[in-house]
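K.L.:
There's a structure below that I have some questions on.
The values are calculated or read from the model by the stated rules, or taken from the named source; none is laboratory data. Here the structure is a predicted model, which is why all the values come from computation and not from measurement. Cβ sites come from the backbone with ideal geometry, for glycine too, and all protein chains shown count toward neighbours. Areas reflect the complete protein model, heavy atoms only, side chains present, ligands, DNA and RNA absent. Shrake-Rupley method; radii C 1.70, N 1.55, O 1.52, S 1.80 Å.
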Amino acid sequence: MNDKSRIRFNINDCVHVYYRDSNCKECINICPVENVLSQEDYKIVLNTENCISCGACVGVCPSEAFSLEGFDVAKFYKDFIAQEGNVLSCKINLPCLTSLSVEYIVAVVLKKQEDLILDTGHCRDCFIGNLLEEIKKKVQEVNYILERLGVENRAVIKNLSLEKKEGKEKERRAFLKNFGKAAAGITFWALMPRISSLEDFQEEPKNIVVEKVEIPKRKVLLEALLEQDIDYSDIDLEIEKISFTSDKWIDNTKCTNCSVCYNVCPTGALKVGAERLKILFEPKLCIKCKVCHEVCPEDCIHLKDTLNMDTFLNETEVLAEHVMIPCEECLVPFSYKGDTTLCPRCRELEDEIRDLLKIGE
């Protein structure tokens with residue numbers, strides 16, 4: 001493990017473990033440095049030799065498979081809301097503004113009940129690449145959510161160009177000398193204590209049906225929302241304007257109750273109901289990875305246009321209900337739609353035979 005990289009990647013929390021052909025490439029798309037993150041076969045691969053520990057992948061990964069050694073996002077959030085001050089800056093308290101997710105930023109504004117200032121004064125000259133547009137996208141999403149909630153406070157971008165006080169300039173210079181010329185812009189890490197290197201993550205087989213991914217940033221957001229004196233019943237968010245969750249519907253006329261969608265759902269947002277006759281959905285657990293859409297053999301899972309906030313916080317929806325009967329031909333149970341007592345496979349076989357024999361011509 002290259003000692004200069006602080007990024008840790010837990011491959012077992014990556015959505016590609018749950019569905020190898022997932023289209024999720026959020027980490028690759030946001031990384032500002034070439035040849036750091038790539039995809040080989042189905043696996044996301046981290047090249048620590050080129051990584052400069054900006055943390056952009058940490059803030060964008062839907063399943064929180066990335067983390068930063070020496071910077072615990074959950075602890076930072078807890079400490080930040082407990083202290084005075086409302087400014088986030090890459091030179092003072094964050095490795096990069098992109099290391100915080102939309103959920104954390106919304107939660108900070110709700111908890112502090114004041115505007116949150118994001119200092120982007122250093123972005124344009126930042127050596128790692130211009131992540132300013134990504135920061136603006138997050139702020140736009142955060143403020144859309146806050147506006148829909150009826151909250152007056154906002155996330156605000158300002159070019160403050162703040163600098164760390166000079167108390168530890170000597171340590172900073174020593175750090176930058178050791179870290180290399182390429183990293184001269186990451187002042188934040190110069191003041192962070194070095195933690196003994198973690199062992200490389202050892203990939204072990206994972207039972208994806210049973211072992212689901214926990215999302216700490218979601219718990220933080222839910223807690224902050226539930227503390228607000230807001231009636232959420234009439235508040236809807238447009239699905240296309242939010243990146244971290246969704247609401248869904250299933251075309252029950254096409255769904256065969258094959259069980260694939262809820263078995264591979266990374267977080268357990270989709271789950272099976274009583275006697276395996278229902279498919280249930282909890283929006284508060286959804287990370288909008290769209291794995292369920294990608295694996296559905298009948299293409300019958302769809303995004304709704306809007307998400308009701310009360311549904312997001314409190315409800316488990318029934319997306320599909322099934323009546324299972326044995327096929328009159330092969331006796332294999334199937335989802336009965338009221339039209340035929342033959343299972344889909346026997347119907348397909350019957351159609352093939354009819355076509356072969358040209359029956360009906």
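K.L.:
Only one residue in LEU307, LEU277, LEU319 is under 23 Å from ILE208 (Cβ atoms) and surrounded by 15 or more Cβ atoms within 10 Å (Cβ to Cβ), so which one is that?
P.N.:
Within the list LEU307, LEU277, LEU319, the selection yields LEU319.
K.L.:
If you don't mind, another one. Between residues in the range 227-248 that are within 16 Å of ALA107 (Cβ to Cβ) and residues that are assigned to a loop (DSSP other than H, G, I, E, B) and basic (Lys, Arg), which pairs lie under 7 Å by C-beta distance while being six or more apart or on different chains?
P.N.:
Once the first residue is within 16 Å of ALA107 (Cβ to Cβ) and sits in the range 227-248, its partners that are assigned to a loop (DSSP other than H, G, I, E, B) and basic (Lys, Arg) give SER243/LYS288; PHE244/LYS288; THR245/LYS288.
K.L.:
Taking the range 66-79, which residues are assigned to a helix (DSSP H, G or I) and of a type outside the set (A, V, I, L, M, F, W, C)?
P.N.:
Across the range 66-79, the qualifying residues are LYS75, TYR77, LYS78, ASP79.
K.L.:
Now a separate question. Which one of these does ILE145 not meet: (1) in contact with a strand residue (DSSP E or B) (Cβ under 6 Å, 6 or more places away or on another chain); (2) surrounded by 22 or more Cβ atoms within 10 Å (Cβ to Cβ); (3) aliphatic (A, V, I, L, M)?
P.N.:
Looking at each condition in turn, ILE145 falls short on (1).
K.L.:
Any residue that is under 29 Å from CYS265 (Cβ atoms) and open to solvent by less than 50 Å² (accessible area, probe 1.4 Å) - is there at least one of those in the range 346-358?
P.N.:
Looking for residues that are under 29 Å from CYS265 (Cβ atoms) and open to solvent by less than 50 Å² (accessible area, probe 1.4 Å), one finds none in the range 346-358, hence no.
K.L.:
Within the group CYS265, CYS261, CYS292, CYS296, which residue is at negative phi, touching a residue at least 60 places away in the same chain (Cβ under 8 Å) and either touching a helix residue (DSSP H, G or I) at 6+ places or on another chain (Cβ under 9 Å) or among the acidic types (Asp, Glu) (or both)?
P.N.:
Every option except CYS265 fails the conditions.
K.L.:
Out of the residues in the range 90-111 that are over 14 Å from the mean Cα position of the chain (by Cα) and charged (D, E, K, R), which is nearest to LYS288 (Cα to Cα)?
P.N.:
LYS111
K.L.:
Could you list, in sequence order, all residues of the range 14-26 that are more than 16 Å from PHE66 (Cα to Cα) and open to solvent by 30 Å² or more (accessible area, probe 1.4 Å)?
P.N.:
Listed by number, the residues that qualify are TYR19, ARG20, ASP21, ASN23.
Results for (1) open to solvent by 60 Å² or more (accessible area, probe 1.4 Å); (2) under 15 Å from the mean Cα position of the chain (by Cα); (3) under 30 Å from THR340 (Cα atoms); (4) among the charged types (D, E, K, R), shown as yes or no for each residue.
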position: TYR232; (1), (2), (3), (4): no, no, no, no
position: LYS241; (1), (2), (3), (4): yes, yes, no, yes
position: THR245; (1), (2), (3), (4): no, yes, no, no
position: THR253; (1), (2), (3), (4): yes, no, yes, no
position: THR256; (1), (2), (3), (4): no, no, yes, no
position: VAL260; (1), (2), (3), (4): no, no, yes, no
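K.L.:
Something else about it: Would you be able to tell me the number of residues in the range 13-26 that are in a helix (DSSP H, G or I) and aromatic (Phe, Trp, Tyr)?
P.N.:
1
K.L.:
Another question about this same structure. Kindly indicate whether LYS112 is at pLDDT 95 or above, closer than 23 Å to PRO32 by Cβ and open to solvent by 10 Å² or more (accessible area, probe 1.4 Å).
P.N.:
no
K.L.:
Something else about it: If we keep just the residues of the range 322-345 that are within 35 Å of the chain's Cα centre (by Cα) and among the aliphatic types (A, V, I, L, M), which is most open to solvent (accessible area, probe 1.4 Å)?
P.N.:
The qualifying residue most open to solvent (accessible area, probe 1.4 Å) is VAL323.
K.L.:
Is it true that some residue in the range 328-344 is assigned to a helix (DSSP H, G or I) and farther than 27 Å from GLU282 by Cα?
P.N.:
Yes: one or more hits.
K.L.:
Going by the conditions given, is LEU131 open to solvent by less than 40 Å² (accessible area, probe 1.4 Å) and under 28 Å from MET309 (Cβ atoms)?
P.N.:
no
K.L.:
Can you tell me which of (1) over 19 Å from ARG8 (Cα atoms); (2) at pLDDT 90 or above; (3) open to solvent by less than 80 Å² (accessible area, probe 1.4 Å) is the one LEU191 doesn't meet?
P.N.:
Failed condition: (2).
K.L.:
What tally of residues in the range 194-210 results from selecting those that are within 23 Å of the chain's Cα centre (by Cα) and either at pLDDT 95 or above or among the β-branched types (Val, Ile, Thr) (or both)?
P.N.:
Residues that pass the stated criteria total 3.
Table: residues versus (1) outside any loop (DSSP other than H, G, I, E, B); (2) of a type in the set (Phe, Trp, Tyr); (3) surrounded by fewer than 21 Cβ atoms within 10 Å (Cβ to Cβ).
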position: SER5; (1), (2), (3): no, no, yes
position: ARG8; (1), (2), (3): yes, no, yes
position: ILE28; (1), (2), (3): yes, no, yes
position: ASN35; (1), (2), (3): no, no, yes
position: GLN39; (1), (2), (3): yes, no, yes
position: ASN50; (1), (2), (3): no, no, yes
position: GLY59; (1), (2), (3): yes, no, no
position: ILE81; (1), (2), (3): yes, no, yes
position: ASN93; (1), (2), (3): no, no, yes
